[in-house]
Amino acid sequence: MQNIWQNNFRITVVGLGYVGLPLAIALARKFSVTGFDADQQRVSELRSGEDRTGEVSSAELVGSRIEFVGDLKLAAPSDLFVIAVPTPIDGDCRPDLSALQSASHAVGRNLNPGNVVVYESTVYPGATEEVCAPILEAESGLLCGEEFFLGYSPERVNPGDREHTVDKVIKVVAGQTLKVTELLASIYSAVIPAGVYQATDIRTAEAAKVIENAQRDINIAFINEVSMIFRRLGLDTDSVLAAARTKWNFLDFRPGLVGGHCIGVDPYYLAHVAKKTNFDPEIILAGRRINDGMAAYVAGEMDRLLRASSRVLVLGLTFKENVSDLRNSQVVDLVKAIAIKGHHVEIFDPIASPDDVQALYGLTLKPSMEATEPYDAIIGAVAHDPFRSIAPKILDSLVKPEGLLVDLKGIWPDLSSTDRCRVWRL
Ligand SMILES: NC(=O)c1ccc[n+]([C@@H]2O[C@H](COP(=O)([O-])OP(=O)(O)OC[C@H]3O[C@@H](n4cnc5c(N)ncnc54)[C@H](O)[C@@H]3O)[C@@H](O)[C@H]2O)c1
């Protein structure tokens, strides 16, 4: 293994999305970095200083010394490979490791003796050693653990979150040997002032990551479930939570739609590995069922309150606030569920790309919130900053007298039902 402080120590980051790009930028502050992405358009955008995820500014991109390549063969030989490609689920909610496998093939073909390959993608415990290592060995002809080494360092960034950026969150690292763990600890701690935590081994680090997100999913599912119970009891969930939160150890979760490619996906990775050991993961899958059913639940409740063929305006379509990422957005399910009930739905999202919305879901975004006549219902579905700052007068003008204002994300906390319109919350 190379001395990391030698001038020619080079790191290649594979997969330059929400996780890989900010990490590559951070690593490039101290090391020589190549960034490889299989999406050629992404590579040319990054070369021209554009990050469409909005995580990295143009100035940072242009100012970084990263060499962006669309073909790993064109990259300078590396000492360390960091893999941050997507790990989604397939149509049957099973782990889809195809990007991870294909990235491992590409890296394997470029491996040299002494190299270290660190995976950052979220996986189930065992995936790095059982799925990726054999591919690296087969492609490189090198022996894992002797001629090259594995590492795992889960990513904890939170898209759109300017507070918990990659350098401000403790990084868990684990290597195949103690020497590799220490090497990774030195590399990551050089660029992450928050520091590193050395996990016992790779499987422990993989398990830690996957339970972080599964725990969040389950906690939100619990609050979603109690919000459905409270509705039947005629209780206001916000008021109940405000009271309960005064206890020091009450966990502060809110009801809502769970989308995206982490919280709603990672529990299935944990369930998958549990089932492989013949264990039936009850809570994990119950959480998924509840959260996956929330769009249909909200649509059903709204339908009961609306007259037939109502006009509905949905504010926000992305999977979370202040990000443009539309993948696995539960709001899309909500739009479809409302439309199936015979209502006419229009969508406004100032952050989502209209072309992406059309390409991914065949839906059309309104160019502005303006309407020729007020709507029967407005749904605040995503808490983008511009929606939080809508003046109450504007909201009022958008909805018909006795219309419905649905706030799914606590966007307008001060709003309450008046004679003029009804407010509905989870
Ligand atoms: N986004 C998050 O908030 C977050 C947080 C923590 C962990 N993670 C995990 O990190 C991993 C990456 O997630 P992301 O959000 O950055 O994904 P992403 O979709 O934003 O980016 C992945 C990038 O990898 C590229 N890619 C796909 N296959 C490739 C291949 N074979 N070779 C090279 N490049 C390839 C894609 O073109 C894309 O640019 C996932 O496992 C995810 O679960 C994500």
Considering only residues of region 415-426 that are surrounded by 15 or more Cβ atoms within 10 Å (Cβ to Cβ) and part of a loop (DSSP other than H, G, I, E, B), which is modelled with the lowest pLDDT?
-> LEU415
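Table: residues versus (1) more than 27 Å from LEU74 (Cβ to Cβ); (2) in contact with a Gly (Cβ under 6 Å, 6 or more places away or on another chain); (3) within 14 Å of the ligand (Cβ to nearest atom).
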residue: THR128; (1), (2), (3): no, no, yes
residue: ILE135; (1), (2), (3): no, yes, yes
residue: ALA138; (1), (2), (3): no, no, no
residue: VAL169; (1), (2), (3): yes, no, yes
residue: GLU182; (1), (2), (3): yes, no, no
residue: SER186; (1), (2), (3): yes, no, no
residue: ALA190; (1), (2), (3): no, no, no
residue: GLN198; (1), (2), (3): yes, no, no
residue: ILE202; (1), (2), (3): yes, no, no
Taking region 35-73 on its own, how many of its residues are more than 22 Å from the chain's Cα centre (by Cα), closer than 25 Å to LEU150 by Cβ and within 13 Å of the ligand (Cβ to nearest atom)?
-> 4
Only one of (1) in a helix (DSSP H, G or I); (2) buried (at least 20 other Cβ atoms within 10 Å of the Cβ); (3) not aromatic (Phe, Trp, Tyr) fails for ALA59. Which number is that?
-> (2)
Give region 162-197 a look and list any residue that's polar (S, T, N, Q) and farther than 15 Å from PHE148 by Cα, or say none.
-> THR165, SER186, SER189
Determine, yes or no, whether THR122 is part of a loop (DSSP other than H, G, I, E, B) and either touching a Leu at 6+ places or on another chain (Cβ under 9 Å) or within 14 Å of the ligand (Cβ to nearest atom) (or both).
-> yes
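Assess whether LEU241 counts as being away from the ligand (no atom under 16 Å from the Cβ), over 18 Å from the mean Cα position of the chain (by Cα) and buried (at least 20 other Cβ atoms within 10 Å of the Cβ).
no
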Of the residues that make up region 108-118, is at least one within 8 Å of the ligand (Cβ to nearest atom) and surrounded by 14 or more Cβ atoms within 10 Å (Cβ to Cβ)?
-> no
Filter region 375-414 for residues that are outside any helix (DSSP H, G or I), more than 19 Å from VAL298 (Cα to Cα) and either of a type outside the set (Asp, Glu) or touching a Leu at 6+ places or on another chain (Cβ under 7 Å) (or both) and give the result.
-> HIS384, SER389, ILE390, ALA391, LYS400, PRO401
Which of the residues spanning region 169-214 are assigned to a helix (DSSP H, G or I) and among the hydroxyl-bearing types (Ser, Thr, Tyr)?
-> THR181, SER186, TYR188, SER189, THR204
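Conditions (1) in the same structural domain as GLU130 (by TED's automatic domain parsing); (2) assigned to a helix (DSSP H, G or I); (3) out of contact with any strand residue (DSSP E or B) (no Cβ under 7 Å at 6 or more places or on another chain), marked per residue:
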site	(1), (2), (3)
TYR18	yes, no, yes
VAL33	yes, no, no
GLU45	yes, yes, yes
GLN101	yes, yes, yes
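Out of all the residues in region 7-23, which are away from the ligand (no atom under 11 Å from the Cβ) and buried (at least 24 other Cβ atoms within 10 Å of the Cβ)? Break it down into steps so the answer makes sense when it comes.
Taking region 7-23 first, the residues away from the ligand (no atom under 11 Å from the Cβ) are 7-11.
Hit for region 7-23 is ILE11, nothing else.
The values are calculated or read from the model by the stated rules, or taken from the named source; none is laboratory data. What you see is a predicted model; the values in this text were computed from it and never measured. Cβ sites come from the backbone with ideal geometry, for glycine too, and all protein chains shown count toward neighbours.
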